[in-house]
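The values are calculated or read from the model by the stated rules, or taken from the named source; none is laboratory data. Because the structure is predicted, anything quoted here is derived from the model rather than measured. Cβ placement follows ideal geometry from the backbone for every residue including glycine, while neighbour counts extend to all protein chains displayed. Remember, those area values only see protein heavy atoms, side chains included, never the ligands or the DNA or RNA. Shrake-Rupley method; radii C 1.70, N 1.55, O 1.52, S 1.80 Å.
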Amino acid sequence: LAIVAAGGAYVPIDPMQPFERKAHILAQCDCKAILTLNAHVDDRAISSLKQITLDHHEQFKSQQNLATIQKPTDLAYIIFTSGSTGMPKGVALDNLGPHNTIEDINSKINLTENDVLFGISELNFDLSVYDIFGAVSVGACLVVPPKDSAKNPEICVELIEKYQISVWNSVPALASLIYEYASAKNNLVALASIRQFLLSGDWIPISLPAQLRGIRGAQVLSLGGATEASIWSIYYRIENLNPQWSSIPYGYPLKNQTFYVLDEALKQRPDGVPGELYIGGVGLAREYWQDAKRTKNSFITHPTLKIRMYKTGD
């Protein structure tokens, strides 16, 4: 929040990642300063950088808001994902794309200052972008659990009940994990405060939505897309599923975003005919940071529609 408010772009790096990966990301971004904790100051990957150790840094309190200096086209963050060659690729997003996604999702789930979100995703996973900025944009509360909580359903269920979490945002497997744990403990009431499940990042088991909705009538929203297109680009509100379906529909594009199913010649496929997914609209990343070749291969301009698209590979 501080970095974006100051007009900069943030690059989240897990301190526990291998030295080579951290060094590659820092070098590729030409980072000048790093926010860290005192426990990591001796990490040789960051030894040459200006270090701001947050647990030892003098804090200032002011009632004055910072002047707004960001523009929609300014870089907001670069999130590095695993490349097909093993080398991380930096997805560079401006302010407009993520803001568009967040505004649309907040509207769809009616997020307000009375909601409490559970920030289970690490900062280098873009679901965290919604957790942080989605919550702050409406004055909602964000509960950040201890590191590695995703591996411990007991801690998650305890915190959900303690803080009365109302919005859960994760991959389907983590939602299934907390459900199964609470169910095994005959304590599904601990999850009863959750009114909205946001599930994305993987296939949703066909039985999971009914289980989650059965706790206390929670709504379940399936979301999809790519880091390269501002967190999410498509949604499907899961209500009454057809028992003959083998999977949950991918859904409809989010506001100001588009989805195309194209063949190898980039022609649109008829309804019901398989093809490759391409995403368009305001959510598209600016580029793969410092990687013109990969950017050119993945972000194309359609020859006849004359619009920019991201080739998902799906």
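Can you find a residue in region 229-237 that is part of a loop (DSSP other than H, G, I, E, B), open to solvent by 50 Å² or more (accessible area, probe 1.4 Å) and either more than 20 Å from residue 109 (Cα to Cα) or charged (D, E, K, R) (or both)?
Just the residues of region 229-237 that are part of a loop (DSSP other than H, G, I, E, B), to begin with: 230-233.
From what's left, open to solvent by 50 Å² or more (accessible area, probe 1.4 Å): none.
No, region 229-237 has no match at all.
The one condition from (1) open to solvent by less than 90 Å² (accessible area, probe 1.4 Å); (2) free of Cβ contacts under 8 Å to residues at least 60 places away in the same chain that residue 30 does not meet is (1).
Here residue 82 meets the list (1) modelled with pLDDT under 95; (2) open to solvent by less than 10 Å² (accessible area, probe 1.4 Å) almost entirely, failing just condition (2).
Considering (1) touching a residue at least 40 places away in the same chain (Cβ under 8 Å); (2) assigned to a loop (DSSP other than H, G, I, E, B); (3) within 22 Å of residue 104 (Cα to Cα), the lone condition that residue 249 does not fulfil carries the number (1).
Within the set 74, 55, 43, the sole residue that is charged (D, E, K, R), closer than 22 Å to residue 135 by Cβ and open to solvent by 10 Å² or more (accessible area, probe 1.4 Å) turns out to be 74.
Is region 149-166 home to any residue that is among the aromatic types (Phe, Trp, Tyr), in contact (Cβ under 8 Å) with a residue 24 or more places away in the chain and under 26 Å from residue 74 (Cβ atoms)? Full working, then the answer.
Filtering region 149-166 for residues among the aromatic types (Phe, Trp, Tyr) gives 163.
Then drop every residue that is not in contact (Cβ under 8 Å) with a residue 24 or more places away in the chain, which leaves 163.
Add one more test, that the residue is under 26 Å from residue 74 (Cβ atoms), and what stays is none.
Checking region 149-166: not a single residue is among the aromatic types (Phe, Trp, Tyr), in contact (Cβ under 8 Å) with a residue 24 or more places away in the chain and under 26 Å from residue 74 (Cβ atoms).
Could you go through region 151-163 and let me know if any residue there is within 17 Å of the chain's Cα centre (by Cα) and either open to solvent by 10 Å² or more (accessible area, probe 1.4 Å) or more than 26 Å from residue 312 (Cβ to Cβ) (or both). Reasoning before the result, please.
Looking only at region 151-163, we keep the residues that are within 17 Å of the chain's Cα centre (by Cα), and these are none.
No, region 151-163 has no match at all.
Within region 274-298, work out how many residues are in contact (Cβ under 8 Å) with a residue 24 or more places away in the chain and not in a helix (DSSP H, G or I). The total comes to 16.
Which residues, taken from region 140-155, are closer than 13 Å to residue 117 by Cβ and either outside any loop (DSSP other than H, G, I, E, B) or in contact with a Leu (Cβ under 8 Å, 6 or more places away or on another chain) (or both)?
Passing the criteria: 140, 141, 142, 143, 145.
For region 256-273, the criterion of a residue being open to solvent by 10 Å² or more (accessible area, probe 1.4 Å), closer than 23 Å to residue 312 by Cβ and assigned to a helix (DSSP H, G or I) is satisfied by no position.
Can you pull out every residue in region 244-269 that is basic (Lys, Arg) and more than 22 Å from the chain's Cα centre (by Cα)?
Of region 244-269, the ones basic (Lys, Arg) are 255, 267, 269.
Correct list: 267, 269.
Taken over region 95-121, the criterion of being part of a helix (DSSP H, G or I) and not hydrophobic (A, V, I, L, M, F, W, C) is satisfied by 97, 98, 99, 100, 101, 103, 104, 106, 107, 108.
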